[in-house]
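Below: one structure, written as structure tokens.
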Amino acid sequence: YSLVNLEPDPAATAAPEEYLIAVRREEPGRGGSRFMHEALGVGDRLTVSAPVNNFPLDLTRDGHVLVAGGIGVTPILSMAAALRAHGRSFALHYTGRSRAMLCFLTEMAPLAGDGLHVYADDEPDRRFAVDRLLAQAEPGQPISVCGPKGMIDAVVEGAVARGWDRKDLTSELFTEAAPLAGDHAFAVELAQSGRVVQVPADRSILDVLIDEGLDPLFDCRRGDCGVCSCPVIAGAIDHRDYYLDDAEKASGTVMQICVSRAKGDRLVLDL
């Protein structure tokens with residue numbers, strides 16, 4: 001879960017006395033959010049790992065465009081606070097299925113001021129439109145987007161088509177990647193041992209390697225962080241990550257094994 005910072009103070013996260021998170025209950029999920037809502041109470045003790053930053057923000061630049069969808073607002077809200085604290089200009093675009101489902105609106109208003117733009121799917125005159133957003137911005141402005149995969153893809157692909165450099169676009173996907181229609185099984189050869197494993201259509205390379213008793217490095221399982229980057233010796237790659245740039249993807253020599261797959265029947269990895 002993202003840590004939420006509401007304080008426009010440069011030192012707000014240096015030595016916090018508490019952590020704030022927001023957890024949306026997801027009934028069809030894997031159970032984590034239901035546990036947070038149903039099983040935890042005041043006084044319960046949890047063990048947590050140290051915070052890590054997989055969604056960096058360049059505080060040296062002005063003109064940031066922050067885009068949040070649903071509960072994806074939590075890291076975006078912290079970005080807004082940090083930009084305000086450092087005197088950087090930004091606009092914050094926040095969208096969801098309905099205004100009633102949008103959290104932190106009250107806290108967001110003083111942070112973003114006139115730069116706050118709120119949208120809702122059930123308000124015909126206030127629906128979020130990626131093309132309109134990008135038409136009002138300039139290529140090169142830093143864009144940070146967090147929310148559903150479809151929204152992230154639309155913003156990133158639309159910005160690149162309009163002339164943005166991929167390095168000016170950062171994103172974070174809150175849900176793990178799901179199988180897509182047309183996904184197929186394929187074989188993965190591990191070059192260092194000669195071992196061959198089979199990856200079913202509904203499983204990731206990462207999951208299969210773990211099941212086979214291997215210990216690959218990984219973290220986010222969403223293709224955001226780059227921890228599971230793996231050298232590719234042979235085979236065509238179906239890239240589905242948000243970490244590699246266009247040149248790295250075009251090289252065909254590296255992939256994120258948590259989300260990306262084979263275009264053909266076989267990949268050879270330097271593992």
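Overview of values
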read-out: Condition met for Ala80 (among the aliphatic types (A, V, I, L, M) and surrounded by 14 or more Cβ atoms within 10 Å (Cβ to Cβ)); value: yes
read-out: Filter result (assigned to a helix (DSSP H, G or I) and either touching a Phe, Trp or Tyr at 6+ places or on another chain (Cβ under 9 Å) or open to solvent by less than 60 Å² (accessible area, probe 1.4 Å) (or both)) within region 203-224; value: Ile205, Leu206, Asp207, Val208, Leu209, Ile210
read-out: Residues located in region 160-189, provided they are part of a loop (DSSP other than H, G, I, E, B), under 14 Å from the mean Cα position of the chain (by Cα) and closer than 15 Å to His239 by Cβ; value: Ala177
read-out: Count of residues meeting criterion [open to solvent by 80 Å² or more (accessible area, probe 1.4 Å), free of Cβ contacts under 8 Å to residues at least 60 places away in the same chain and either acidic (Asp, Glu) or under 30 Å from Leu180 (Cβ atoms) (or both)] in region 122-148; value: 5
read-out: Any strands (runs of 3 or more DSSP E) falling wholly within region 45-120 and containing at least 1 residues that are among the β-branched types (Val, Ile, Thr) and touching a residue at least 60 places away in the same chain (Cβ under 8 Å); value: 64-69
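Residue by residue, here is whether (1) at pLDDT below 95; (2) assigned to a loop (DSSP other than H, G, I, E, B); (3) in contact with a Lys or Arg (Cβ under 9 Å, 6 or more places away or on another chain) holds:
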site	(1), (2), (3)
Gly226	yes, yes, no
Val232	no, no, no
Tyr242	yes, yes, yes
Ala250	yes, no, no
Met255	no, no, yes
Leu267	no, no, yes
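The values are calculated or read from the model by the stated rules, or taken from the named source; none is laboratory data. Values in this document were obtained by computation on a predicted structure and should not be read as measured data. Neighbour counts are summed over all protein chains in view; Cβ atoms, including those assigned to glycine, are modelled from backbone coordinates with ideal geometry. Accessible surface is based on the protein model in full, side chains and every heavy atom, while ligands, DNA and RNA are left aside. Shrake-Rupley method; radii C 1.70, N 1.55, O 1.52, S 1.80 Å.
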